[in-house]
Amino acid sequence: MIIQGFSNIASAYSANTKSAVERQTSPAPAANYAEKVTLSTEGKTLAAEESKPVFTQQRTYAQERLLQAASSDRASAEKIAYDLANTHSTIFFDISDQLGAGNGGAPVRKLSTTGEIVSDDYIKRFSEAASGIDAQRLSIYETETKKGTDPVEILSKMIDFTNQQSQDYLDATGWGWRGSAPPA
């Protein structure tokens, strides 16, 4: 698709810059050659990498501990997987500025993880994205449950799926926040 788009631009540019004689004697327009383009080895490698899942973050210590604890108790694993699948994403706000003396009456909405002050537009975009993410996570749960997949594996798949989301989503939800290190 990119090659075709580029070919169209190149053809239009060539048609506007060549004289009438050059247009008559020049080879066929570049768009005709688009079918003959092949990917280099580097291009093939990049294309293959694009098909692999890209994790925004790796599993956190807490996520690993959760999976470890769930693996020892099937009922708990089923409950945790169900809850994760059926919990709606939400933004976690830092309300510390609103607890003390007044801040001029206007609430300041800032993320609890980064301190970033967010607008109504940010919240709207988050809500739109989050509803899709929640639906996909629920779909993973339902599909894997129907297949009879072990609940720990289902939980693992949902954690990995959520870890793949945008950094904005991860920051807004506090998902996998690395604010504290594991005990030494």
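Assorted remarks:
- So Glu142, is it among the acidic types (Asp, Glu), loosely packed, with under 14 Cβ neighbours inside 10 Å and either modelled with pLDDT of 95 or more or more than 20 Å from Arg59 (Cα to Cα) (or both): yes
- Every pair of residues 6+ apart whose Cβ atoms lie under 7 Å, when the first sits in the range 141-158 and is closer than 16 Å to Ala75 by Cβ while the second is surrounded by 15 or more Cβ atoms within 10 Å (Cβ to Cβ) and among the hydroxyl-bearing types (Ser, Thr, Tyr): Val152/Ser71; Ile154/Tyr141; Ile154/Thr145
The values are calculated or read from the model by the stated rules, or taken from the named source; none is laboratory data. From a predicted model like this one, the values you see are computed outputs, not experimental measurements. Virtual Cβ from ideal backbone geometry, glycine too; neighbours counted across all protein chains shown.
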